[in-house]
Structure formats: structure tokens, C-alpha cells
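Undergrad: Can you keep this structure in mind? I'll have questions shortly.
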Amino acid sequence: MPKMKTHKGTAKRFRRTGTGKIMRAKAFKSHILTKKSPKRIRGFRKEAVLAPADVQVVSQRMGSN
């Protein structure tokens, strides 16, 4: 059976840490920033750990189980 190809859309949106966790970017950073506080906007810069419910699907699409 051939190898599974990496889903490129998923590969661009997520990254795996050295310990195996999957990191994602935070939402709500793109527009309508005037009503959001600077503290809140700074928080959007940091990555977040992917929810456990989503880890299996994302890791399969990234090409590793």
C-alpha cells in the first residue's frame, strides 16, 4: 500500500512540538481589532495546545499517528 500523503492545509496550520503536542494559532486576530483591548490582541500572538478531541484527526492528516 502506498504511503499516506501529508494534507498540506493542515501542515501549514499546525506544528508538532518536541514532546509531541500539536500547537495551533489563535483565532480573532485578523480584523475588527479596534474594540479589542491591546492585552487581548497580544494574547492572540501566542500559540495554543490543540484540544484532545482534535488531536487524532489532525495528527493523521499531518501524516503521523
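The values are calculated or read from the model by the stated rules, or taken from the named source; none is laboratory data. Everything numeric here is computed off the predicted structure, so don't read it as measured data. Because the Cβ atoms are built from the backbone with ideal geometry, glycine has one as well, and the counts that use them run over all protein chains shown. For the accessible areas, the whole protein counts, side chains as well, though only heavy atoms, and no ligand, DNA or RNA atoms are used. Shrake-Rupley method; radii C 1.70, N 1.55, O 1.52, S 1.80 Å.
Undergrad: From the helices alone, meaning DSSP H stretches of at least four residues, give me the mean residue ellipticity at 222 nm for the chain, per-run term -39500 (n - 2.57), in deg cm²/dmol to the nearest 500.
TA: Per the formula, -10000 deg cm²/dmol.
Undergrad: Do you know the relative contact order of the chain, to the nearest whole percent, from alpha carbon pairs under 8 angstrom that are 6+ apart?
TA: With pairs under 8 Å counted, the relative contact order is 41 percent.
Undergrad: Running Debye on the chain with equal point scatterers at the Cα sites and no solvent, what base-10 log of I(q)/I(0) appears at q = 0.15, 0.26 Å⁻¹?
TA: Log-scaled intensity ratios, in q order: -0.57, -1.09.
Undergrad: Counting only protein heavy atoms, what percent of the accessible surface of the chain is carbon or sulfur at a 1.4 Å probe?
TA: Carbon-and-sulfur percentage of accessible area, whole number: 57.
Undergrad: Counting heavy atoms of the protein chains only and a 1.4 Å probe, report the per residue accessible area for the chain as a whole number of Å².
TA: With all protein chains present, the chain gives 87 Å² per residue.
Undergrad: Let me ask another. So who's got an amide H within less than 5 Å of the one on Arg15, skipping anything under 5 residues away but keeping other chains? H placed 1.01 Å off N, in plane.
TA: Close amide H contacts, sequence-distant or interchain: Met23.
Undergrad: Continuing with this model, one more query. Could you compute how much accessible surface Lys46 exposes when probed at 1.4 Å, giving the result in Å² to the nearest 10?
TA: So the heavy atoms of Lys46 present about 140 Å² to solvent.
Undergrad: A further question follows. Just reorder Leu33, Leu50 by solvent-accessible area, largest first, 1.4 Å probe, all chains present.
TA: Descending order: Leu33, Leu50.
Undergrad: Say each of Met23 and Ser37 gets a label point 7 Å from the Cα, pointing the same way as Cα to Cβ; how far apart are those two points in nm?
TA: Taking the two extended label points, one gets 2.5 nm.
Undergrad: Can you put Ser30, Ser37, Ser59 in order of accessible area, largest first, using a 1.4 Å probe?
TA: If we order Ser30, Ser37, Ser59 from most to least accessible, we get Ser30, Ser37, Ser59.
Undergrad: Here's another thing I want to ask about it. Placing unit charges on C-beta atoms (Lys and Arg positive, Asp and Glu negative, everything else neutral), compute the dipole magnitude of the chain about its Cα centre in debye, rounded to 20.
TA: Once rounded to the nearest 20, the dipole reads 380 debye.
Undergrad: For the charge dipole of the chain, defined by +1 on Lys and Arg C-beta atoms and -1 on Asp and Glu C-beta atoms about the Cα centroid, which residue among Ala11, Gly63, Pro52 has the Cα displaced farthest towards the positive pole?
TA: Positive-most Cα among the choices belongs to Ala11.
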